[in-house]
1. Computed over the Cα atoms of region A:1-50, what is the convex hull's projected area averaged over all directions, in nm²?
2. Please report the base-10 log of the normalised intensity I(q)/I(0) for chain A, using a Debye sum with one equal scatterer per alpha carbon and no solvent, at each q in 0.16, 0.17 (1/Å).
3. How much of the pair distance distribution for region B:53-103 lies past 15 Å, counting alpha-carbon pairs only, in percent?
4. How large is Rg/Rh for chain B, to two decimals, with Cα atoms and a Kirkwood Rh?
5. Just to verify a number: FRET efficiency for A:Leu80 and B:Glu162, C-beta to C-beta distance, R0 = 41 Å, to 0.05?
6. What ratio of Cα Rg to 2.2 N^0.38 Å holds for region A:23-62?
7. Please list the three semi-axes, largest first and in whole Å, of the ellipsoid equivalent to region B:127-167, using sqrt of 5 times the eigenvalues of its alpha carbon gyration tensor.
8. Bin width 10 Å, alpha-carbon pairs only: give the P(r) of the protein assembly as shown as whole percents, running from 0 to the bin holding the largest distance.
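A short reminder: the numbers here are calculations on the coordinates, not readings from a lab. Values in this document were obtained by computation on a predicted structure and should not be read as measured data. We place every Cβ from the backbone using ideal geometry, glycine too, and count neighbours over all the protein chains shown.
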Amino acid sequence: TVGAVARDRNGHLAAATSTGGMTAKRSGRVGDSPVIGAGTYADDATCAVSATGDGEAFLRLCAAHEIDARMRLTGVSLELAAEDVIMTELTALNGTGGIIAVDRNGAITTPFNCEGMYRGWSVEGDGRKTAIY
Amino acid sequence: MGGFSLAVHGGAGVLHRDQMTPEREADYHAALDRVLSTGEAVLDADGSALDAVTQAVCALENEPLFNAGRGAVFTRNEQQEMDAALMDGRNRQAGAVAGIFGPKNPVLAARSVLEHTDHVLMIGEGALAVARAAGLDFEDKDYFFTQERWDALQETLKMEAEGTLDDDPSRRHG
């Protein structure tokens, strides 16, 4: 699974996700990637999110929208909302994986609860970084 | 309104650390760097976040190292099925496709659903018809095939047949 989230100079947010699914999956199985609110979500008022990992767990959590909802309804930061959803809620469902997300101010967070992550991020004026594991 | 921000991911739990050689690691860093360059170019030209994530994911789909587009994993029926979605935070417009094979960049098929239909999620032949009507590039099986993904399928099927299939996240994640 691959994905991207962005905040542009006008303060607008967007998210995109694309995947081939799981090796040897059943034909017709669909995970969270194309399900809005599970693996992909964006709202200028809160955040943009793209997920990767155990699709069924992200679907059951409505993970991307859950992060948005926590920010919108409780006022917590993107970092805290994402951390709780991935490290507590996803883990409680025996799900593994993670998300990338950006908030309306351009802050990026990338929590995950397993190994094998491939990530990159770029903040205008602060350079570009890539990271594995 | 401030500067732009961009983040990309190339999947989860695909390789164990002991499978990662220095050469392979360099390939992944270089691929992620190319992807970031693609998205940054859009944002640096005052392009929209939606265009930036679309182009960044196209770049990821074009990299056979990652499980999307070219390099997608195989189903147990030895086929490839691709899913993609995008969402615009300005207005909650969204487009998504599932279970498709053919469009070179599945995320562009998702975008064609967003731009050319009243719907959010389309599957199978209906989604492909929207992609064709939008004039998207299509590719054949040879383009999407990678030996590594084929070998991973054969290994998984063999483990299933032998009763040795584990619950390793790296396998579940493709």
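1. For the Cα atoms of region A:1-50, the hull's average projected area reads 3.5 nm².
2. These q points yield log10 I(q)/I(0) values of -0.73, -0.83.
3. Roughly 52 percent, rounded to a whole number.
4. My calculation of the ratio gives 1.00.
5. Calculated value: 0.35.
6. Compactness ratio reported: 1.27.
7. Output for region B:127-167: semi-axes of 34, 13, 6 Å.
8. Taking every Cα pair in the protein assembly as shown, the percentages come to 7, 32, 38, 20, 4, 0.
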